[in-house]
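To start, the structure itself, in structure tokens.
The values are calculated or read from the model by the stated rules, or taken from the named source; none is laboratory data. Predicted model only: the values in this text are computed from it and were never measured. Note that we place each Cβ from the backbone using ideal geometry, even for glycine, and neighbour counts take in every protein chain shown. Heads up: the accessible areas ignore ligands, DNA and RNA and are worked out on the full protein's heavy atoms, side chains in. Shrake-Rupley method; radii C 1.70, N 1.55, O 1.52, S 1.80 Å.
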Amino acid sequence: MSTYPPRRPVSERLATAARNPFVAALLGGLVVLICGAIAVAAGWLGEDNTTVVQSSVPASVGDAGEGRGLTVNEIYKRDGPGVVFISAQITRQQESPFGFPQEQRGQATGSGFVIDKDGHVLTNAHVVEGGEKIEVKFSDEKTVDARLLGSDSSTDVALLKVGRRDLPKPLALGDSAKVEVGDAVVAIGNPFGLDRTVTTGIVSALQRQLEAPNGFAIDNVIQTDAAINPGNSGGPLLDSLGRVIGINSQIATGGGSGSIGIGFAVPINTAKRVGDQLREKGRVEHAFLGISGVPISKAMAENLNLPTDRGELIQEASGPARKGGVKGGDTPVSLGGADIVLGGDVLVGIDGRRVGAMDDVIGIVNDKQPGDEVTLELLRGSDQRSVKVKLGDRPASAQSAIPDQGGGQTPP
């Protein structure tokens, strides 16, 4: 069985800010996850029509502060039929032992859910990436072809369209901005091909960052302890009233292959915004600034004689940032076993908002559109300056966004 992402071992795609303090993304481009974990999502699996219920909350899943919550059974009966099994026929090119290219065919499987009576289905982009033929199977065992309207690797969201007329009831979309830590949740999906499996848990944490398939960062990710396994990818994470608050996307496995109670869901508010653009344009536009940086600590400021102990020491500036006058580093040094580059500007604010870490930068830029102008507050030595930068279009991948320039760090 292969696990997401298919083109690079998932163990290479995880990092934490603590393990890589010198790499701080390039504006929507850093993974911040659990140290030493492995992200797993949709696998290449067979099918099984068994339904499994795993419930850590026997009766009700809570009230979400809005009246009595539904029981797990009530949510499952109402929303289960709208959760679908997705399979995609994948063909990949790889070199044979003799050095010649050869094709490898397989089937990627995952989950999705119906969002309207027009036949639109939301899922993860990595579930259908490279799919030559995509099929959707419903709870009545009817399988229909699906058309990919568009996918966005930067948020791991894809939108499908099916032509079936007698669709099940669409799932209601909630508001992920109102979710709180400790809220009860229900996950429905197809782990290991087991159709419409339901599990329960709580919201374990909020505002996590998750690495998208193209290496950029998805922000405001929801962490849950509801059991999620390969095949759950693309399925809904529901609140106690049965409203979708996220799309289950990845898990941390601690080196194994199954759930250890740390799962991550793309917030539904992100999916709504992305889905609207995919429906209208077939693609999504993301703003791009073009910097990589190191978060400055008090110890770093003292050791390197920096003018501030807060902000981002810019390692490399490219594209819009460089054009706007932002200066990257030019002097490689080693500090505490980490290689960094000195000589670059220190970013301390954007549009009047203080910047303490690259997470702040990512959040600000993700709220912008290509062509928007931002004002960067920079320190260059002891001089403070403001520069205006017109944001560009995000490149296809984080790896291609900023080239490695000897001694610098290429974003992951």
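For segment 234-255, the criterion of a residue being at pLDDT 90 or above, closer than 19 Å to A88 by Cβ, out of contact with any Leu (no Cβ under 7 Å at 6 or more places or on another chain) and in a loop (DSSP other than H, G, I, E, B) is satisfied by at least one position.
Just the residues that are within 9 Å of G263 (Cα to Cα) and assigned to a strand (DSSP E or B), please, taken from segment 205-232. Spell out the reasoning first.
Restricting attention to segment 205-232, the residues satisfying the condition of being within 9 Å of G263 (Cα to Cα) are 222-229.
Those that are within 9 Å of G263 (Cα to Cα) and assigned to a strand (DSSP E or B): I222, Q223, T224.
Mind listing whichever residues of segment 369-379 are in contact with a Lys or Arg (Cβ under 6 Å, 6 or more places away or on another chain) and either crowded, with 20+ Cβ neighbours inside 10 Å or in contact (Cβ under 8 Å) with a residue 40 or more places away in the chain (or both)?
Here is the first cut: in segment 369-379, the residues in contact with a Lys or Arg (Cβ under 6 Å, 6 or more places away or on another chain) are 373, 375, 378.
Selection gives L378 alone.
Considering segment 162-173, the residues that are open to solvent by 10 Å² or more (accessible area, probe 1.4 Å) and either in contact (Cβ under 8 Å) with a residue 12 or more places away in the chain or in a strand (DSSP E or B) (or both) include one that is nearest to D195 (Cα to Cα), namely P168. In segment 345-368, which residue that is without any contact (Cβ under 8 Å) to a residue 40 or more places away in the chain and of a type outside the set (D, E, K, R) is most open to solvent (accessible area, probe 1.4 Å)? Only one residue fits best here, namely G352. Residue pairs whose Cβ atoms lie under 9 Å apart, separated by 6 or more positions or on different chains, with the first residue in segment 145-161 and over 12 Å from R279 (Cβ atoms) and the second of a type in the set (D, E) and in a strand (DSSP E or B), are D145/E135; A146/E135. For segment 182-191, residues that are in contact with a Leu (Cβ under 6 Å, 6 or more places away or on another chain) and open to solvent by 10 Å² or more (accessible area, probe 1.4 Å) total 0.
Criterion applied to T109, T155 was being at pLDDT below 95, under 23 Å from the mean Cα position of the chain (by Cα), of a type in the set (V, I, T) and part of a loop (DSSP other than H, G, I, E, B), and the one residue passing it is T155. Of all the residues in segment 267-298, those that are within 21 Å of R147 (Cα to Cα), modelled with pLDDT under 90 and surrounded by 19 or more Cβ atoms within 10 Å (Cβ to Cβ) number 1.
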